[in-house]
Amino acid sequence: SSDRHSSTSSKLQNEVRPSGRGGGLSVQDDAKLVFGVVFSLRNMVRKLSGPDDSFISYRTGSYKLHYYETATNLKFVLLTDVKTNNLRVVLHQIYVNLYVEFVTKNPLSPIEHSGGEGVAVELFEMGLDSFIRTIQD
Amino acid sequence: MSFEPPLPPFNASDPHATFLNSTCLDLLLIELVPLAHRLSHQLAEAPNDALRAGVVDDEEDEVREAVFYRLEMLGYRVGYGLVERFSRDRPRMNDTLDVIKFVCKDLWTIVFRKQIDNLKTNHRGVYVLTDNSFRPFSRMSAETGGNAVARAQPFLWFPCGIVRGALANMGVNASVQAETTELPSATFKIETLTKPVV
């Protein structure tokens with residue numbers, strides 16, 4: 001089902017919040033909304049452009065959403081301001097250098113991550129935080 | 001994982017060269033601990049469940065002992081064989097301290113790709129080896145407050161066995177214990193049980 005496998009890094013969520021959001025939505029609710037949008041868009045793009053994953057990003061008046069999906073159906077989403085160039089490469093690096101290293105190869109991680117369990121581990125979050133800060137400079 | 005060819009002096013087109021992807025080995029070794037847990041739990045549940053009904057704590061201890069025994073004996077066999085294979089180019093070692101140094105430098109480099117950072121001894125058969133960035137702990141992390149240090153403990157039992165097996169095959173009969181107080185460091189305590197080999 002749609003929200004079974006989502007996990008969000010809350011540090012990033014707090015720093016890059018689309019403007020105009022007044023209601024007190026929790027990080028988990030945000031994650032569910034984003035997943036729903038991304039899932040539908042990705043399917044629609046596949047029907048339009050074929051099976052190769054062509055959904056790269058979308059932009060509204062207030063934010064840009066960057067998307068990257070792995071061969072293992074992991075979905076990485078990054079929300080930024082509208083002026084940022086495409087960060088698909090960044091998401092790929094996050095996957096290869098942070099997710100694979102600190103989640104997949106973590107002996108304390110469960111094999112599957114239902115409910116996002118075992119993804120928000122300290123080394124992953126710290127690595128993610130410093131990586132994003134490096135890029136922002 | 002990488003599909004890139006190995007760097008020189010290793011040559012992938014050499015028909016006698018054999019390579020192993022290190023990520024494959026890492027993932028296999030990571031799975032050793034949950035496997036030992038599952039096996040021990042299954043074996044503990046097998047006989048009379050009725051008899052064990054009220055004895056939960058003892059059973060947990062028993063299972064933990066069984067997991068320790070399983071992993072440590074696996075390590076013993078590995079350490080014993082490793083030393084046979086890798087000490088062939090070394091001259092015969094004169095005393096226990098030489099053997100311990102071999103463990104700290106050569107064995108640690110072969111198994112954990114670095115040397116021991118600190119060696120202490122009381123000169124009466126007790127040696128304390130400290131590794132400040134123990135390789136199996138390099139990717140070990142939990143969610144904040146997730147008690148990573150306690151959960152890391154079983155991952156030291158297989159390495160303890162490796163050390164004990166290596167020592168045994170070099171003529172040093174010893175007990176080996178390990179613990180961690182802060183990831184990613186680990187401390188191994190070797191207590192020799194016989195007089196030093198002269």
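What follows is calculated from the coordinates using simple rules that are stated; it is not laboratory data. Bear in mind that the values here come from a model prediction, so they are computed numbers and not experimental data. Glycine also receives a Cβ, built like all others from the backbone with ideal geometry; neighbour counts cover every protein chain displayed.
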Averaged over all directions, how much area does the convex hull of the C-alpha atoms of segment B:93-136 cover when projected, in nm²?
3.1 nm²
Hand me the GluC sites (Glu not before Pro) from segment B:139-198 located in a DSSP loop with no more than 12 other Cβ atoms within 10 Å, in residue order please.
B:E182
Which of the trypsin sites (Lys or Arg not before Pro) across segment B:107-198 are loop residues per DSSP, with 12 or fewer other Cβ within 10 Å?
B:R113, B:R124
P(r) of segment A:56-134 over all Cα-Cα pairs, binned every 10 Å from zero, in whole percent
18, 47, 29, 7, 0
Using θ = phi - 60° and the Karplus relation 6.51 cos²θ - 1.76 cosθ + 1.60, list the HN-Hα couplings for segment A:120-137 in order, rounded to whole Hz, with x at every Gly or Pro.
7, 7, 4, 4, 5, 5, 5, x, 4, 4, 6, 5, 5, 4, 4, 6, 5, 6
List every residue whose amide H lies under 5 Å from the amide H of B:D117, counting only residues 5 or more places away in sequence or on a different chain, with H placed 1.01 Å from N in the peptide plane.
B:T130, B:D131, B:N132
Please report, ordered by residue number, every helix of chain B (full DSSP H runs) that is 24 Å or longer along its axis going by C-alpha atoms and whose mean Kyte-Doolittle hydropathy reaches -0.5.
B:22-45, B:56-86
Mind checking which aspartates and glutamates have their Cα closer than 12 Å to the Cα of B:K105? Skip sequence neighbours fewer than 8 apart in that chain.
B:D117, B:D131
In this model, which of A:K75/A:K105; A:K64/A:K105; B:K114/B:K189; A:K83/A:K105 are farther than 27 Å apart at the alpha-carbon?
A:K64/A:K105; A:K83/A:K105
Estimated Rh, chain B: Kirkwood, alpha-carbon pairs, angstrom
18.8 Å
